[in-house]
Amino acid sequence: MPKLKPAIHQARQDHILNAAERCFARTGFHRTTMQDICREAAVSPGALYVYFDSKEALIAGICERDRAEFAERLAGLAEAPDFLAALGELGEHYFVREPKASHLMCIEIGLESTRNPRIAEIHQGVDEFISSSFETLFQRMKDEGRIAPDLPIPVVVRLFSVIADGMFWRRAVDPAFDGTALVPATLELMKGLLKPVLPASR
């Protein structure tokens with residue numbers, strides 16, 4: 001069997017991950033079977049198992065893809081001339097434009113991590129990566145004199161995580177959730193935590 005080009009291999013893998021994400025969001029981790037994912041992706045079991053040998057492997061693939069996307073977005077945030085505007089744009093992406101199914105997926109993974117050690121390991125790895133990334137970013141900004149928070153950076157990041165987790169939950173389960181109104185309000189909270197320093201003051 002000829003070896004696939006990397007771009008084709010990646011496209012097929014992403015296609016299967018997208019199908020798995022829709023299935024998990026729709027019916028949950030436990031109720032979803034590998035056969036369900038085959039049907040959703042319109043692939044044979046043999047084709048599916050070439051890329052992923054279990055539902056846990058699919059979750060790992062989804063999380064790794066999301067982590068890579070987040071790292072790319074965070075890199076842009078770190079270099080943005082207007083940090084708060086860039087942070088607001090990040091919020092708009094995750095809490096306004098991103099499909100609700102993605103938030104349901106996050107909740108499903110979080111719940112499954114309380115029962116499944118393998119999923120717990122994956123979930124904890126992603127959570128630690130996001131927290132350490134924000135800690136590094138905020139510490140760099142503090143060292144550069146761009147922010148002057150009253151609280152220690154790890155505490156600021158923990159509070160930020162609690163706020164973001166609550167937004168994810170509400171986005172998934174609350175029909176009345178209005179991200180367009182809440183993202184600017186959340187940005188005001190973050191301004192109070194981070195205490196940005198104006199260029200003239202620096």
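Every number here is computed from the coordinates shown, using simple stated rules; none is lab data. Quick caveat: nothing in here was measured; it's all calculated off a predicted structure. Ideal geometry is used to build each Cβ from the backbone, glycine not excepted, and the neighbour counts take in all protein chains shown.
Bin by bin, in steps of 5 Å, what percent of the Cα pairs in the range 35-121 do you find, going until the bin that has the longest distance?
Spelled out per bin, shortest first, that is 3, 11, 16, 18, 17, 15, 9, 6, 3, 1.
Return the Cα extents of the chain along principal axes one, two and three, sorted largest first, each rounded to a whole Å.
Here the spans come out as 63, 40, 30 Å, largest first.
Under a point-charge model restricted to the Cβ atoms of Lys and Arg (+1) and Asp and Glu (-1), what is the dipole moment magnitude of the chain relative to its Cα centre, in debye to the nearest 20?
Once rounded to the nearest 20, the dipole reads 280 debye.
Cβ neighbours within 10 Å, averaged per peptide: list 16-25, 96-105 in order, most packed at the top.
16-25, 96-105
Around Ser161, with a cut-off of 13 angstrom between Cβ atoms, what is the net charge of the other residues, counting Lys and Arg +1 and Asp and Glu -1?
-3
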